[in-house]
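Participant: I have a structure I would like to understand better, so I am pasting it below and will then ask my questions one at a time.
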Amino acid sequence: MQNNPPIISLKNVHKYFGDFHALRNINLDVEEGQKIVVCGPSGSGKSTMIRCVNGLEQHDEGTIMVNGHTMSSDEKIGNLIRQEVGMVFQSFNLFPHMKVLDNLTMAQRMVRQKTKAEARDTGMKLLERVGIAAQADKFPSQLSGGQQQRVAIARALCMNPKVMLFDEPTSALDPEMISEVLDVMTELARDGMTMICVTHEMGFARSVADRIVFMDQGEIVETGEPETFFANPAHARTRAFLDQIISH
Amino acid sequence: MTFESSLILESLPRLMDGLWVTLRLFVLALTCGTVLAVGMVLLRISSRKYLSWPVMAYIYVFRGTPILVQLFVIYYGLPQLEFIRTGPLWPFFREPFFCAWFALTLNIGAYTTEIFRGGILGVNKGLLEASKALGMTYAQTFRKVTAPIAFKLCLPAYSNEMISVLKATALASTVTIFDVTGVARKIVAETFAPYEIFLSAAIIYLILAWIIQNGVRLLERRISRYAN
């Protein structure tokens, strides 16, 4: 395992929004099959970091390698990377003018050149996997938040990605819908998907993550396995953060 | 003053001839102007200045001047130029109907470009990111996500523009075209009954506007099976 090159590798990555230094010297390697949970206070650069991994944001310095490709501002290379990297957003971002199943088949047909029948077949299988095959012919607005997010996960999985990025996938959900989404994510993790999840769900982090990355003010403060991370955080900033979210 | 309803009945056949001209002008200008706007908006939203700047100038000129003045420039002004009169386009520019169509089309093109741009800017950025994250190219995303959603966002403003254009076709009567307004003016000149005749013309425009409004409303209802 340790001889395999990492599927995602960030080296000395910096990112600025104007004068704001959003990412400071980020170094992170993710090997195939690893599950990484990224946590930290808001504005700490978690989302920015994973958005740099699939090129939704351009990093300013350093190197980002994904699946053997070096991320650049070249749209072709960015697209090549994005085809192998699935992403799930906080606000679902389902296409409102398409039925659920069409949300799943569009990119398969446009990007993977699959036939309509193949794409629908894959789409239905994944809808079954996330437990909403019955809603295939509805529009996204007719679904609950939890269902919409599960569709969004299925949509990303349709592309058969090597890596899945989750950007606070449960933050916009009503409390009673969080677990149905986390269940799908946990199952995905068990099936061996490589995942980077930005989330505040510490229960999920504890049970699923191979490593937890704590970020604050644009830098990675601390990285550790869940056991040590929760029981024995090395950094005062980590302790303060954990105190805050676990005290509720 | 007496109101002679028989006059209205008598003039109805001629007004219907005018209606045919109005409708032809309206449909031709609207169709061509809208097609023009589709092309223009693609240039307008380009980040390349040499593509977007000429479109901005075009929009500025046509939004910033009265259609009547534009029509007069095209119909009375252009023939003053030697190369227009001797050029290959003269058979077109000597025709008042062509000039009216040309002025309206350029006008609709300018306004509708801005309407379309507003719709495109109104599309939720998250959807574009989601499409991009799936590996779709910019062009694919534009076709499958941006355009259909923008179209829906544009409809109310676009139906407004349709009604403006319908009314603007009346300006064609100033360059010898016998549209509804042109015919009405002619009948009034013959009968000296402006009240009855212009009222009839107004009612014809009202009916057309009603059809447009409700047509667009039906279309809106059809495509808002989903909430935005």
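Participant: Go through segment A:54-67 and give me each residue that's under 19 Å from the mean Cα position of the chain (by Cα), more than 13 Å from every other protein chain (Cβ to nearest Cβ) and open to solvent by less than 60 Å² (accessible area, probe 1.4 Å). Quick ask: steps written out before the conclusion?
Facilitator: At the first step, the residues of segment A:54-67 found to be under 19 Å from the mean Cα position of the chain (by Cα) are A:54-59, A:64-67.
Narrowing the set further to residues that are more than 13 Å from every other protein chain (Cβ to nearest Cβ) leaves A:59, A:64-65.
Correct list: A:His59, A:Ile64.
Participant: Can you list the helices (runs of 4 or more DSSP H) found entirely within segment B:84-138 that contain at least 1 residues being of a type outside the set (D, E, K, R), open to solvent by less than 40 Å² (accessible area, probe 1.4 Å) and under 30 Å from A:Arg155 (Cα atoms)?
Facilitator: Numbers: elements: B:90-93, B:96-122, B:125-133.
In segment B:84-138, B:96-122, B:125-133 are the helices (runs of 4 or more DSSP H) which contain 1 or more residues that are of a type outside the set (D, E, K, R), open to solvent by less than 40 Å² (accessible area, probe 1.4 Å) and under 30 Å from A:Arg155 (Cα atoms).
Participant: Taking the residues in segment A:137-156 that are open to solvent by 20 Å² or more (accessible area, probe 1.4 Å), in a helix (DSSP H, G or I) and more than 15 Å from A:Glu176 (Cα to Cα) as candidates, determine which candidate is farthest from the other protein chains (Cβ to nearest Cβ).
Facilitator: If we take residues in segment A:137-156 being open to solvent by 20 Å² or more (accessible area, probe 1.4 Å), in a helix (DSSP H, G or I) and more than 15 Å from A:Glu176 (Cα to Cα), then A:Gln142 is farthest from the other protein chains (Cβ to nearest Cβ).
Participant: Select from segment A:16-50 the residues that are out of contact with any helix residue (DSSP H, G or I) (no Cβ under 8 Å at 6 or more places or on another chain) and β-branched (Val, Ile, Thr) and list them in ascending order.
Facilitator: Residues satisfying the conditions are A:Val30, A:Ile36, A:Thr48, A:Ile50.
Participant: Also, quick follow-up: What about B:Lys152, is it modelled with pLDDT of 95 or more and within 14 Å of chain A (Cβ to nearest Cβ)? Give the derivation first.
Facilitator: Working: modelled with pLDDT of 95 or more: no; within 14 Å of chain A (Cβ to nearest Cβ): yes.
The answer is no for B:Lys152.
Participant: Would you check if B:Phe178 is open to solvent by 10 Å² or more (accessible area, probe 1.4 Å), away from every other protein chain (no Cβ under 14 Å), in contact (Cβ under 8 Å) with a residue 60 or more places away in the chain and out of contact with any Ser or Thr (no Cβ under 6 Å at 6 or more places or on another chain)?
Facilitator: Values: open to solvent by 10 Å² or more (accessible area, probe 1.4 Å): yes; away from every other protein chain (no Cβ under 14 Å): yes; in contact (Cβ under 8 Å) with a residue 60 or more places away in the chain: yes; out of contact with any Ser or Thr (no Cβ under 6 Å at 6 or more places or on another chain): yes.
Spelling it out, B:Phe178 is indeed open to solvent by 10 Å² or more (accessible area, probe 1.4 Å), away from every other protein chain (no Cβ under 14 Å), in contact (Cβ under 8 Å) with a residue 60 or more places away in the chain and out of contact with any Ser or Thr (no Cβ under 6 Å at 6 or more places or on another chain).
Participant: Moving to a separate point now. Please enumerate the residues belonging to segment B:190-201 that are assigned to a helix (DSSP H, G or I) and surrounded by 13 or more Cβ atoms within 10 Å (Cβ to Cβ). Full working, then the answer.
Facilitator: Filtering segment B:190-201 for residues assigned to a helix (DSSP H, G or I) gives B:190-191, B:194-201.
Residues satisfying the conditions are B:Thr191, B:Pro194, B:Tyr195, B:Glu196, B:Ile197, B:Phe198, B:Leu199, B:Ser200, B:Ala201.
Participant: Say whether the condition of being open to solvent by 40 Å² or more (accessible area, probe 1.4 Å), over 30 Å from B:Leu208 (Cα atoms) and free of Cβ contacts under 8 Å to residues at least 24 places away in the same chain is met by at least one residue in segment B:147-164.
Facilitator: Looking for residues that are open to solvent by 40 Å² or more (accessible area, probe 1.4 Å), over 30 Å from B:Leu208 (Cα atoms) and free of Cβ contacts under 8 Å to residues at least 24 places away in the same chain, one finds none in segment B:147-164, hence no.
Participant: Take segment B:30-60 and flag every residue that is more than 12 Å from B:Tyr111 (Cβ to Cβ) and in contact (Cβ under 8 Å) with a residue 12 or more places away in the chain.
Facilitator: The answer is B:Cys32, B:Val38, B:Leu43, B:Arg44, B:Ile45, B:Val55, B:Met56.
Participant: Sticking with this structure for a sec: Scan segment B:75-90 and give yes if some residue there is basic (Lys, Arg), more than 14 Å from chain A (Cβ to nearest Cβ) and touching a residue at least 12 places away in the same chain (Cβ under 8 Å), otherwise no.
Facilitator: Scanning segment B:75-90 turns up no residue that is basic (Lys, Arg), more than 14 Å from chain A (Cβ to nearest Cβ) and touching a residue at least 12 places away in the same chain (Cβ under 8 Å).
Participant: Restricting to segment B:65-74, name every residue that is free of Cβ contacts under 8 Å to residues at least 24 places away in the same chain and open to solvent by less than 60 Å² (accessible area, probe 1.4 Å).
Facilitator: Listed by number, the list holds a single entry, B:Thr65.
Participant: Same structure, new question: Kindly provide the set of residues from segment B:149-189 that are assigned to a helix (DSSP H, G or I) and hydroxyl-bearing (Ser, Thr, Tyr), ordered by number. Walk me through it before giving the result.
Facilitator: Restricting attention to segment B:149-189, the residues satisfying the condition of being assigned to a helix (DSSP H, G or I) are B:149-175, B:180-189.
The answer is B:Tyr158, B:Ser159, B:Ser164, B:Thr169, B:Ser173, B:Thr174, B:Thr181.
The values are calculated or read from the model by the stated rules, or taken from the named source; none is laboratory data. Everything quoted here is computed from the prediction, not taken from an experiment. Heads up, the Cβs are rebuilt from the backbone with ideal geometry, glycines too, and the neighbour counts pull from every protein chain shown. The accessibility values were calculated without ligands, DNA or RNA, using every heavy atom of the protein model including side chains. Shrake-Rupley method; radii C 1.70, N 1.55, O 1.52, S 1.80 Å.
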